[in-house]
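Input: a single structure, listed below in structure tokens.
The values are calculated or read from the model by the stated rules, or taken from the named source; none is laboratory data. Since the model is a prediction, treat every value here as computed from it, not as a measurement. In this analysis, Cβ positions are derived from the backbone assuming ideal geometry, glycine residues included, and neighbour counts consider all displayed protein chains. Surface accessibility is based on the protein's heavy atoms, side chains included, excluding ligands, DNA and RNA. Shrake-Rupley method; radii C 1.70, N 1.55, O 1.52, S 1.80 Å.
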Amino acid sequence: MMWRQLMVCGVCAMLGLAARGAGTNAVSDDDFLNELERRSFQFFLKETELTTGLVPDRAGADGSWRENVASVAATGFGLAALCVGAERGWIARTDAVARAVTTLKFARDRLAQEHGFFYHFVNRELGDRVWACEVSPMDTALFLCGALAARQYFHDPALDQVVNAVYARVDWRWMLDGGATLRLGWHPEKGFLPYRWDTYAEHMAMYLLGLGATEHALPGECWDAWRRGPVGHYAGLTYLQFAPLFVHQFAHAFVDFRDRHDDYADYWRNSELATRAQRQLCLDLRPKFPHYGPDCWGITASDSPTGYRAWGGPPPTPDLDGTVVPCAAGGALPFAPAECIAVLRHIAANYGARAWKPYGFVDAFNPQTGWYSPDVLGIDVGILLLMVENQRSGLLWRAFMSAPEVQRGLQRAHFRRTTPQLAAAWPSTTAILPGGRLERAPTHDQPRVARARHLPRLEQDWEWHALSAATACERVGEVGENFSARFGFAWDSEALLFRCEVFEAAPTNSCPPEKLAEQDSIELFVAPDSSGFAAGATNALHLGFAPGGKDSGWFAGRRAKDVSVQTLPTGYRISAAIPWNLLGVTPKAGVVISCAPVANDFVRPGEPPGRLFWRYHNQGQRTELGTLILEGP
């Protein structure tokens, strides 16, 4: 009976809001957000598998179908969603507890796992691994975040017991695999993945859970071991960059980072600045995508007409096509409330039934092409629901932060409150702690190491390195405020493969090849071993690439092969192959060579371009470059 009453009330609310215009002034902001939350909660209420508690990775935005593959991360969001539903009266508290207990008991007894870590994707009805996916510490952590939030909110003895058992089983030290940072994952066929969670990403809650665990806890130094970078600049803002906005949101759905900092940064402010920077980026892209504007922006990993895309910016990923992802603004609501609710209301009011469905917004849409995703994704519905609720009431923050394990993790990571004195001295345009470890770190003399992966098949398999005014070891002259680049290497038996993407609005292309360094261009210094670069050496290369397809080999005309320079809405992209015989190197895993990309930015006529060096330290007859290591297959 209670269920039917809730359904009737919900349908009436949905029809009434739709009739009055969800995005118009006829509905208050709070009423609009309440309806958005209610619709989002319906996804978890109706699509969760009742016998296992697992949440599908995706479903039809109209509720017409669901995928038989469940997402462990989405299931974690679903556990937290039960807290929201019970608090708002959309599900009876006893029913919510029963669902949470079902989920956790299945996770304890049946869900496929290794050393306590769950697989990324599993069969929704059976809990078995699917898609030959990896055991994922990140997705396991999001599951645990939801479980801890539910434990702290409901205070049910049966739920407490099973949550504690699942958490205690996780062997965090096993996932270190002898290193200082967690591996990205593990495959039963191949063992640990070669990559690590060793740079700024969505992993902060994962490390805090590992540090605060009562069993198999991570060593305290793991928090310091991951690199706070790349530090980037955009629109006068300085922050830790990562292109898709979800990276700046997932940990914040649970951990309340407000008015706290560690030895490096204020991560709440970092997400505020990342949100402001992306909004400005979309405004700057209006010449290409006229529908972007103050009330229509937001890019994060999402569906696209060609599949799932991990896009975003700054720096803008080269595949941007004008798509709008509603959960980008929804998940950023606490970081920029007025700006984000304006986007959400604009979408509901102007794109109507094409974007506004029974489960809230479709995952993504493109006003310029008329494409609308027919689906919703569990993690995208989840981050929107949790962050909207946090903005309205702080519910998930209060519940999660009350866990003793979370407080222990924060203490071991040396988080502390930001004092009024420090707040007054901390510039509002930077997330970097004044005088902290990042500011004290050397730049010009800091060694740099990159890795060339063996024939990566997908774009995301390349290891990208940022090159901007903040990340360069040395800067000569002035570069544009939003100028930056990223580069990566790969290799096969024939050549060293180089890619570079340059982000600037209007690259200058006016000089002949022999004067490439006097315009917008990329230079690449390469030497055959770790001893550095000696001008004139027969096996040292100095290559240049510029818009318009021009390239130059300044040393005896030795040029790369298969050079491609492609103009993009966000700048230009370079790819080239450097034959091993030019370097005199026999390629194999473990070989070390020297390299240094240099990004040149032509700012104004009559002046030389600004130059950003990744690693270029003159030692007299020889120049020390960065280190490049060839990784095995």
Task: With all protein chains modelled, accessible area of Thr199 [1.4 Å, Å²] - done: 40
Task: Estimated distance in nm for a label pair at Thr51 and Cys133, the labels positioned 7 Å out from Cα along Cα-to-Cβ - done: 2.0
TODO: Could you please put Thr369, Thr627 in sequence from largest to smallest accessible area, using a 1.4 Å probe?
DONE: Thr369, Thr627
TODO: Sort Glu67, Glu624 from largest to smallest accessible area, using a 1.4 Å probe on the heavy atoms of the protein chains.
DONE: Glu624, Glu67
TODO: Could you give me the percent of Cα pairs per 20 Å distance bin for the chain, shortest bin first, beginning at zero and ending with the bin that holds the maximum distance?
DONE: 19, 51, 27, 3, 0
Open item on the list: Rolling a 1.4 angstrom probe over the protein chains, ignoring ligands and nucleic acids, what is the accessible area of Ser531 in square angstrom, nearest 10?
Closed with: 60
Task: Accessible area of the chain divided out per residue, in Å², using a probe of 1.4 angstrom - done: 38
- [ ] In debye, nearest 20, what is the charge dipole magnitude of the chain about its Cα centre with +1 on Lys and Arg Cβ and -1 on Asp and Glu Cβ, if you could check?
- [x] 340
- [ ] Place the peptides 30-37, 346-353, 80-87 in order of packing, highest mean first, counting for every residue the other Cβ atoms within 10 Å and averaging per peptide.
- [x] 80-87, 30-37, 346-353
Open item on the list: Show me the helices of the chain, taken as full DSSP H stretches, that run 30 Å or more along their long axis by Cα and average -0.5 or above in Kyte-Doolittle hydropathy.
Closed with: none
- [ ] Please give the FRET efficiency for Arg110 paired with Tyr308, using the beta carbon to beta carbon distance and R0 = 22 Å, rounded to the nearest 0.05.
- [x] 0.20
TODO: Subtract the Cα-Cα distance of Thr419 and Ser531 from 0.36 nm times their separation in residues, and report this length gain in nm to one decimal.
DONE: 35.6 nm
- [ ] Roll a 1.4 angstrom probe over the protein heavy atoms and tell me the percent of accessible area of the range 498-578 that is carbon or sulfur.
- [x] 48
TODO: Enumerate the amide H contacts of Ser484 below 5 Å, restricted to partners 5 or more residues apart or on another chain; note that Pro and chain-start residues carry no placed amide H.
DONE: Phe503
Open item on the list: Under 5 Å between amide hydrogens, which residues at least 5 positions from Val603 or on another chain qualify, with H placed 1.01 Å from N in the peptide plane?
Closed with: Gly610
Task: Dipole axis of the chain (+1 Lys, Arg; -1 Asp, Glu on Cβ), positive-most option in Gln407, Ala235, Ala452 - done: Gln407
TODO: At q = 0.16 Å⁻¹, what is the base-10 log of I(q)/I(0) for the range 139-179 according to the Debye formula with one equal point scatterer per Cα and no solvent? Please give it to two decimals.
DONE: -0.45
Task: Calculated P(r) tail over 21 Å for the range 524-633, as whole % of Cα pairs - done: 42
Task: Spherically averaged projected area in nm², based on the convex hull that wraps the Cα atoms of the range 540-597 - done: 4.8
Task: Dipole magnitude of the range 165-299 about its Cα centre (Cβ charges: Lys, Arg +1; Asp, Glu -1), debye to nearest 20 - done: 420
Task: Percent RCO, i.e. relative contact order, over the range 255-376, from Cα pairs under 8 Å lying at least 6 residues apart - done: 22
Open item on the list: Probe radius 1.4 Å, ligands and nucleic acids ignored: give me the carbon and sulfur share of the accessible area of the range 272-373 as a rounded percent.
Closed with: 51
TODO: Determine the relative contact order of the chain: mean sequence separation of Cα pairs under 8 Å and six or more apart, normalised by residue count, in whole percent.
DONE: 12
Open item on the list: Ranking request for peptides 238-246, 163-171: highest mean number of other beta-carbon atoms within 10 Å first, then the rest in descending order.
Closed with: 238-246, 163-171
TODO: Return the carbon/sulfur percentage of the accessible area of the range 172-259, one whole number, probe 1.4 Å, all protein chains in place.
DONE: 51
Open item on the list: Give me the count of lysine pairs in the chain whose alpha carbons sit under 29 angstrom apart, restricted to pairs 8 or more positions apart or on different chains.
Closed with: 9
Task: Unit charges on C-beta of K, R, D, E only; dipole of the range 351-427, Debye - done: 400
Open item on the list: Please list Lys288, Lys550 from largest to smallest accessible area, probe radius 1.4 Å, with all protein chains kept in place.
Closed with: Lys288, Lys550
Task: Cα-derived Rg over Rh, computed across the range 391-541 with Rh taken as Kirkwood radius - done: 1.08
Task: When the range 211-333 is reduced to its Cα atoms, the Kirkwood hydrodynamic radius in Å - done: 15.7
Task: Residue-level accessible surface for Lys561, protein heavy atoms, 1.4 Å, Å² - done: 110
Open item on the list: I'd like to compare 583-591, 41-49, 598-606, 382-390: which one has the highest average count of other Cβ atoms within 10 Å, and what's the full order after that?
Closed with: 382-390, 41-49, 598-606, 583-591
